[in-house]
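Engineer: Have a look at the structure that comes next, please.
The values are calculated or read from the model by the stated rules, or taken from the named source; none is laboratory data. The structure displayed is predicted, hence computed values, not measured ones. Cβ coordinates were reconstructed from backbone atoms using ideal geometry, including for glycine residues, and neighbour counts include every protein chain displayed. Ligands, DNA and RNA are excluded from the accessible area calculation, which covers all protein heavy atoms including side chains. Shrake-Rupley method; radii C 1.70, N 1.55, O 1.52, S 1.80 Å.
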Amino acid sequence: MSATITSDAPVSRLDPFSERFLNDPYPPHRELRDAGPVVRLERYGIWAMARHEQVHAALNDPETFRSAAGVGLADFTKEKPFRPPSLLLEADPPEHSRARRTITGVLSPKRVRSLREAFEREAHALVERVVDQGRFDAVDEFAEAFPTKVFPDAVGVPDKGRENLMAYGNMVFNAFGPQNEIFRESAKGQDEVREWIAEMCLRENLRDGGLGADIYEHAPRHEMGPDEAALLVRSLLSAGVDTTVHGLGNAIYCFATHPDQWAAVHADPSRARAAFEEVVRFESPVQTFFRTTTRAVEVEGVTLPEGEKVLLFLAAANRDPRHWEEPDRFDVERRASGHVGFGSGIHACVGQMLARLEADVLIGALARRVEAIELDGEPELKLNNTLRGLASLPVRVHPASA
Amino acid sequence: MPAVTYVSADGAREQVELAVGTTLKDGALENGIDGIVAECGGNAMCATCHVYVDEAWIERLPERSEVEDELLESTASERTAASRLSCQIKVSDELEGLVVQLPEEQE
């Protein structure tokens with residue numbers, strides 16, 4: 001850490017984990033992008049990249065920007081991780097490759113497609129329920145209700161205790177930031193939550209034929225033992241719930257605040273899937289991830305020493321005008337492919353096809369029944385060091401005439 | 001720059017010149033050629049950038065990785081010996097004149 005820092009590196013005093021920043025991240029994202037391709041964040045003694053080109057390049061260069069030293073602020077080579085590291089997220093090749101192959105084998109696009117019918121039944125029932133209500137909280141009663149039912153069903157987790165899933169995800173994603181008040185608040189009462197999660201990762205608690213049991217079945221093909229299989233199930237449970245809930249909540253927020261865009265999805269519900277892609281670009285549920293340099297590396301004339309933490313602003317890259325036309329415009333007809341909301345490269349979100357299916361099915365079902373969505377009160381953010389999403393979103397929906 | 005020809009499912013041919021190192025997926029998207037979805041953005045996750053390589057080229061392309069091979073089991077249109085994921089093939093001088101056919105369906 002004592003290596004010389006070249007004088008031409010722009011320096012910023014922004015704190016990306018402050019409530020002020022998290023409440024409205026887009027102006028400081030612009031500031032960081034405009035400051036330069038790589039910026040020194042003085043407060044934490046780390047580097048930041050916020051432009052699409054550099055974020056994408058760093059994500060696709062895991063030999064230089066490693067994950068095994070942690071993808072949060074904590075450097076695992078210096079601090080003990082708060083939980084045994086993930087075999088996927090917090091690992092580098094070659095160890096990472098075995099774990100990745102195991103899980104991509106389980107979550108193949110074909111297997112994910114096979115879940116559609118079950119998801120559609122749930123989505124239909126849920127949409128009928130909220131349409132009957134007319135006014136409802138689109139987080140609690142919709143964006144959260146759907147994934148917290150269909151996802152653990154697909155994994156094969158028993159019904160009892162599922163409320164722990166949201167609490168666990170919230171804490172895990174907070175833990176990638178500093179140990180600030182936001183983190184401490186989410187860590188309260190976590191002993192029981194973590195105990196439940198650990199239980200649910202065991203083969204005997206996972207339904208036969210579910211994705212969790214499949215992980216145990218695939219694991220030996222890649223020389224993974226049962227303990228490793230349990231950690232892979234933990235990855236699904238950590239990363240698969242809060243992210244999707246926020247993605248769906250952000251979607252309803254975007255539609256409620258851009259009525260013309262919802263009208264387009266309502267007019268053609270087959271656009272739901274592409275519209276969700278635009279949501280992930282425009283209001284990215286996962287805002288940031290860290291990497292750690294494995295060597296001194298030059299980025300556009302600035303030399304980052306070895307062993308340095310680099311904060312990659314996925315959400316800022318997704319609105320970089322150097323890459324996107326009118327990035328601050330929410331446009332469901334945009335070709336949003338190429339956003340880094342699911343990451344990119346060897347650590348790209350392994351559940352992204354499952355997330356797309358959930359969104360496609362739920363937003364599609366809503367689009368067929370509802371012609372307009374409007375805000376029915378002030379939305380409330382759920383502050384998290386890594387995630388962007390809502391705690392509540394009061395809305396009123398207007399059903400299409402039959 | 002090597003020339004690559006994309007043949008749409010209904011037989012329309014379009015030849016474009018692509019910079020060395022560009023993937024066949026990006027080559028299609030950047031030139032407005034329809035028929036490639038590439039939902040995952042080129043990360044070998046979605047199998048929606050499926051192409052059929054012209055017979056003469058099957059053996060001349062670099063081999064499929066295990067990941068590509070496995071993903072080809074999930075294509076929406078039938079997999080054949082000519083099936084590849086266009087996000088996994090980078091244009092090189094050796095590929096001058098390559099012809100690929102786009103499938104009926106990607107999703």
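Engineer: If you go through region A:77-102, how many residues are of a type outside the set (Phe, Trp, Tyr), touching a residue at least 40 places away in the same chain (Cβ under 8 Å) and closer than 18 Å to A:Phe289 by Cβ?
Structural biologist: 10
Engineer: I'm trying to understand the selection: among the residues of region B:9-52, which are charged (D, E, K, R), farther than 28 Å from A:Leu357 by Cβ and in a loop (DSSP other than H, G, I, E, B)?
Structural biologist: B:Asp10
Engineer: Among the listed residues A:Gly351, A:Gly343, A:Gly307, A:Gly338, which satisfies the condition of being out of contact with any strand residue (DSSP E or B) (no Cβ under 9 Å at 6 or more places or on another chain) and modelled with pLDDT of 95 or more?
Structural biologist: Unique residue meeting the criteria: A:Gly351.
Engineer: Kindly list, by first and then second residue, each pair from a residue in region B:43-54 that is within 14 Å of chain A (Cβ to nearest Cβ) to a residue that is part of a strand (DSSP E or B) and open to solvent by less than 10 Å² (accessible area, probe 1.4 Å), limited to pairs with Cβ atoms under 7 Å and residues at least 6 apart or on different chains.
Structural biologist: Cβ pairs passing all conditions: B:Ala44/B:Leu85; B:Ala47/B:Leu85; B:Cys49/B:Leu85; B:His50/B:Ser83; B:His50/B:Leu85.
Residues are listed down the side, and each one gets a yes or a no for (1) more than 14 Å from chain B (Cβ to nearest Cβ); (2) open to solvent by 20 Å² or more (accessible area, probe 1.4 Å); (3) in contact with a Ser or Thr (Cβ under 8 Å, 6 or more places away or on another chain); (4) closer than 25 Å to A:Leu314 by Cβ:
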residue: A:Phe65; (1), (2), (3), (4): yes, no, yes, yes
residue: A:Ala69; (1), (2), (3), (4): yes, no, yes, yes
residue: A:Ser86; (1), (2), (3), (4): yes, no, yes, yes
residue: A:Pro109; (1), (2), (3), (4): no, no, yes, yes
residue: A:Gln133; (1), (2), (3), (4): yes, yes, no, no
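Engineer: If only one of A:Ala372, A:Ala359 is of a type in the set (Gly, Ala, Ser) and touching a Leu at 6+ places or on another chain (Cβ under 8 Å), which one is it?
Structural biologist: A:Ala359
Engineer: Would you call A:Glu19 away from every other protein chain (no Cβ under 14 Å), under 30 Å from B:Thr48 (Cβ atoms) and out of contact with any Phe, Trp or Tyr (no Cβ under 6 Å at 6 or more places or on another chain)?
Structural biologist: Details: away from every other protein chain (no Cβ under 14 Å): yes; under 30 Å from B:Thr48 (Cβ atoms): no; out of contact with any Phe, Trp or Tyr (no Cβ under 6 Å at 6 or more places or on another chain): yes.
No, not satisfied.
Engineer: In region A:220-320, which helices (runs of 4 or more DSSP H) lie fully inside it and hold 3 or more residues that are touching a residue at least 60 places away in the same chain (Cβ under 8 Å) and of a type in the set (Val, Ile, Thr)?
Structural biologist: Counting at least 3 such residues, we get A:242-257.
Engineer: Filtering region A:322-337 down to residues that are free of Cβ contacts under 8 Å to residues at least 12 places away in the same chain and of a type outside the set (Lys, Arg), which residue is farthest from the other protein chains (Cβ to nearest Cβ)?
Structural biologist: A:Glu326
Engineer: Among the residues of region B:58-76, which ones are more than 10 Å from chain A (Cβ to nearest Cβ), assigned to a helix (DSSP H, G or I) and surrounded by fewer than 16 Cβ atoms within 10 Å (Cβ to Cβ)?
Structural biologist: Passing the criteria: B:Ile58, B:Glu59, B:Arg60, B:Asp69.
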